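Everything on this sheet refers to the single structure shown next.
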Amino acid sequence: MAQALIIDAVRTPRGRGNAKGALAGVKPVDLLAAPLRALSDRYALAEAAPGEMIIGCVTQTGEQGANIARLGGLAAGLGDAVPGLSVNRYCASGLSAVRLAALSALEGDMLALGGGVESMSRVPMASDKGPLTHDFDFQREQRLVPIGIAADLVATMEGLTRAECDEYAAESQARAVAAREGGRCAGLVSVDGLDTDETPRPGTSAEKLAGMEPAFAELGAKYGIDALLAKAYGLEAVEHVHHAGNSPAMADGASAVLVASPSAAERAGLKPRARILASAELAVDRTLALTGAVDAAQAVLKRAGLGADDIDLFEINESFAALMLHFSRHMGVGMERLNVNGGAIALGHAMGSTGSALLSMALDELERRDGKRALIALCGAAGLASAMIIERV
C-alpha cells in the first residue's frame, strides 16, 4: 500500500497566549497564512494548487470562525483553486488534520496541505461556549470534568508526586531553552518580527516551582468533583499536583505540512523528507481523558509492525507533567528519547496547531541526529487521542 510522503513541515514560533504575548497583535488568519506562505514560496503552491488543505483549530469562533482554513489559504496567496477544511479534535486537531490531508493526497494522487492554528491571546480557550465547558448538566451526565482535575486524578491513581511533576517541568524548560539557544529550530518561520519561541522560561527550577499553589484544588472541592471522583475510582482523595508551572502554557502559533502521493511528488519533482508509516485515532475513558497518548502510541506501533525500541524520538504533547511521566512509565520510554527539545509546558500549547508543530519538530530533530523514525502523539479533552509514526526518506 502506498504511503504518503512528507515534502516539508514548518511552524511559527509560539508566542505567549495572552494580551502581552509577542503574537497577540497578529490576527489568526494572518498567523495561519505565515507557514502556508512559506511552503508556497518554496514549492510554488499557487501554481501547483494542492488539491486539499485541512487545518486544525479548536476554538472556531470569532476571528477563528467561518472556516479559517479556507480564509488562511487565501491570505497566504494560495489562490482560488486550493480548498480548505477546518477540523476540531481538541488538542489532537493538528495531527488529525495532517492525517486527513495525507489520506486525501493518496486518494487523489496529488499534493495536499495539513496543519493547524490557534491564537489563544485573541480567541481565548472556551470562548465558543460549547457544552464541554459551559453546559454543567451535560458535563455531570457524561462524567466530563475540568481537564486539570482529570490530570490530577491520573497523577493520584499512578502515585505520581508533586515533586516528580515539578522536576519533569523544570527539565522541559531546560531542554526548550537549550534548543532555542542552540538554534535547533530549523523549521521555524518568523511572524511579525518573532523568529524564535517566546515561551520558554530560563532559570526555572523544581525548587521554584515547589512554591506555586495547586491550580485545581479549589475547583475540585467547591463543586464536589473531587468527592465524586474519589468514590468512582476507589480513592481516599484526589491529590492536586498541577499548577501553572507544570501544566501546558497557553500559546499562539500555527504550523503547516505539505504531503503528497509518491507519484504526485515525482511528477512535481519534489524530494520528500519523510513518509508516514502509520497513524491512529481513538478514544479512551472520557473522565480520565488524558491517558489516550499511550493507547494511541500502542495502536500506531501495532499498525506499523514496530515496537517502542524501533523509534528514535517520541514527541508527545505535554498535556500535564503527570501525563508525561505516565507515558514514560507505560511505554517504557526513557527521557533520552522523549521530548528532547522540551514540550508544551515550556513551549506552550497552541491547541489546534500543536500536533502538526510536533511533527515539524520531530522531523527537524531526526535530521539533526541522523535518526530514522519518530512517533508523535497527543491526547485531548473527552478522551480523544491521535498518533503518527514518520520515517525519514
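Observations, loosely collected:
- Strands (runs of 3 or more DSSP E) fully within the range 44-155 that include at least 3 residues being closer than 24 Å to C379 by Cα and of a type in the set (A, V, I, L, M): 52-56.
- Scanning the range 282-317 for residues that are in a loop (DSSP other than H, G, I, E, B) and touching a strand residue (DSSP E or B) at 6+ places or on another chain (Cβ under 6 Å) gives L290, I311, D312, N317.
- Of all residues making up the range 1-39, the number that are more than 23 Å from A179 (Cα to Cα), of a type in the set (G, A, S), buried (at least 24 other Cβ atoms within 10 Å of the Cβ) and out of contact with any Lys or Arg (no Cβ under 8 Å at 6 or more places or on another chain): 1
- Pairs meeting the criteria (first residue in the range 120-135 and closer than 21 Å to A150 by Cα, second residue assigned to a loop (DSSP other than H, G, I, E, B) and of a type outside the set (V, I, T), beta carbons under 6 Å, at least 6 apart or on different chains) are T133/A126.
- Residue in the range 372-387 that is under 18 Å from I6 (Cα atoms), surrounded by fewer than 21 Cβ atoms within 10 Å (Cβ to Cβ) and modelled with pLDDT of 95 or more present: yes
- Scanning the range 258-271 for residues that are touching a Lys or Arg at 6+ places or on another chain (Cβ under 9 Å) and not small (G, A, S) yields a count of 2.
- Some residue of the range 62-78 being under 18 Å from D30 (Cβ atoms), surrounded by fewer than 18 Cβ atoms within 10 Å (Cβ to Cβ) and in contact with a strand residue (DSSP E or B) (Cβ under 6 Å, 6 or more places away or on another chain): yes
- A Cβ distance below 6 Å, combined with a sequence gap of six or more or placement on separate chains, defines the contacts here; from the range 183-207, residues that are in a helix (DSSP H, G or I) reach residues that are at pLDDT 95 or above in the pairs A206/D166; A206/E167; A206/A170.
- Selection of the range 282-330 for residues being crowded, with 24+ Cβ neighbours inside 10 Å and acidic (D, E) yields E315, E318.
The values are calculated or read from the model by the stated rules, or taken from the named source; none is laboratory data. All values derive from a computational prediction rather than experimental measurement. All Cβ positions, even for glycine, are placed from backbone atoms using ideal geometry, and neighbour counts span all protein chains on display.
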